[in-house]
Amino acid sequence: QVKLVESGGGLVQPGGSLRLSCSASTSIFSSYGLGWYRQAPGKQREMVARILSGGNTLYEDFVKGRFTISRDDDEKKVYLQMNNLQPEDTAVYYCNLYPVFDNDWGRGTQVTVSS
């Protein structure tokens, strides 16, 4: 199991920005693909973006051009820069391996977009 701890969420107005961070407890961090996922109230958890071990990135259509995923293998962290946030982005955001396999989910970090 790889333990992952998310941070950086908060309340932001529409059009605002937030940067989420995720720290991992593994000595082989660079070997893993990593993803950001989110779960809005009453909805299933969904993929937002993923970054592979080689650095290739993939985004869901609803965040393309607004969100950027990045990783720092030396610091064992993965980031999600979120710009032009909209109310529909309100959710608990989680990081996890990509693919998740059977890795546990962390507590996530709440992002609320509201005026």
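Just to be sure I understand, how many residues within the range 74-115 are touching a Leu at 6+ places or on another chain (Cβ under 9 Å), hydroxyl-bearing (Ser, Thr, Tyr) and either in a loop (DSSP other than H, G, I, E, B) or under 23 Å from VAL2 (Cα atoms) (or both)? Number of matching residues: 6. Taken over the range 27-41, the criterion of being assigned to a loop (DSSP other than H, G, I, E, B) and open to solvent by 20 Å² or more (accessible area, probe 1.4 Å) is satisfied by SER27, ILE28, TYR32, ALA40, PRO41.
Taking the listed residues LEU11, LEU20, the one that is assigned to a strand (DSSP E or B), open to solvent by 50 Å² or more (accessible area, probe 1.4 Å) and at pLDDT 95 or above is LEU11, with no other qualifying. In the range 42-71, the residues that are without any contact (Cβ under 8 Å) to a residue 60 or more places away in the chain and assigned to a loop (DSSP other than H, G, I, E, B) form Cβ pairs under 9 Å with partners that are open to solvent by 40 Å² or more (accessible area, probe 1.4 Å) and among the aliphatic types (A, V, I, L, M), at six or more places apart or across chains, as follows: LEU52/LEU58. Select from the range 99-114 the residues that are at pLDDT below 95 and out of contact with any Phe, Trp or Tyr (no Cβ under 7 Å at 6 or more places or on another chain) and write down the one among them that is most open to solvent (accessible area, probe 1.4 Å). The extreme case among them is PHE101. So is THR90 surrounded by 17 or more Cβ atoms within 10 Å (Cβ to Cβ), touching a residue at least 40 places away in the same chain (Cβ under 8 Å) and touching an Asp or Glu at 6+ places or on another chain (Cβ under 6 Å) or not? Answer is no for this residue. Checking each residue in the range 93-104 for being more than 16 Å from LEU52 (Cβ to Cβ) and free of Cβ contacts under 8 Å to residues at least 40 places away in the same chain picks out only ASP102.
The values are calculated or read from the model by the stated rules, or taken from the named source; none is laboratory data. Since the structure is predicted, the reported quantities are computational estimates derived from the model, not experimental observations. Ideal geometry is used to build each Cβ from the backbone, glycine not excepted, and the neighbour counts take in all protein chains shown. We work out accessible area using only protein heavy atoms, side chains counted, and drop any ligands, DNA or RNA first. Shrake-Rupley method; radii C 1.70, N 1.55, O 1.52, S 1.80 Å.
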